[in-house]
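The values are calculated or read from the model by the stated rules, or taken from the named source; none is laboratory data. Nothing here was measured: the structure is a model prediction, and the numbers come from that model. Cβ atoms come from the backbone with ideal geometry, glycine included; neighbour counts cover every protein chain shown.
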Amino acid sequence: MDDLSRFCCLNPSCSDLGKRGLGNLTVTARYGPGKSRRMLRCRTCKARFSERKGTPLFDARLPPGKVNDVLAHVAEGVGTRKTARLTGVHTDTVTRYTRLAGDHAAERHDELVPFSPQDR
C-alpha cells in the first residue's frame, strides 16, 4: 500500500486543495523509468496528476540524483558555469532547474508563512 499522506490535491477548484492526509488520493497508474512514478487521482474532484507536479522534478529529463547535485551546487553558491562543468550538464539546464527550484521555494514560503509563530 502506498503512503500518500504527504500529497494533496493540486486542482484549484477542488474543495480539498492543499489538504494533506485526507485519504482522498489514490494511485491510478505508474509511469516513467521502471514504473517508479505514480499518477494520483483525487476522489473529491476526480482530477489526475503526477506525484511530481508542483515540484522542480516535474517533467524532468535528468535523473533525480543529477538534479539534486545541480541544486546542491547552486545552494552552496557555486556559479552557473562552474556547476555545469562539475555536474556535466549544460549551463541552460542549470539555469532552468535553478529557476524551477526558486519558484517552488517561493510557493512553499508563501504557503507556510501564514502558519509562522507570532513575534512577541
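Worth a mention:
- Some residue of the range 1-22 being modelled with pLDDT under 85 and touching a Ser or Thr at 6+ places or on another chain (Cβ under 6 Å): yes
- Exclusive hit being part of a loop (DSSP other than H, G, I, E, B) and β-branched (Val, Ile, Thr), set Val74, Val78, Val94: Val78
- Selection from the range 59-97 of residues that are closer than 23 Å to Gly32 by Cβ and of a type in the set (S, T, N, Q): Asn68, Thr87, Thr93
- Residue in the range 57-71 that is outside the structural domain of Leu4 (by TED's automatic domain parsing), of a type in the set (Asp, Glu) and at pLDDT below 90 present: yes
- Strands (runs of 3 or more DSSP E) lying entirely in the range 1-65 (those with 1 or more residues that are among the β-branched types (Val, Ile, Thr) and surrounded by fewer than 15 Cβ atoms within 10 Å (Cβ to Cβ)): 25-31
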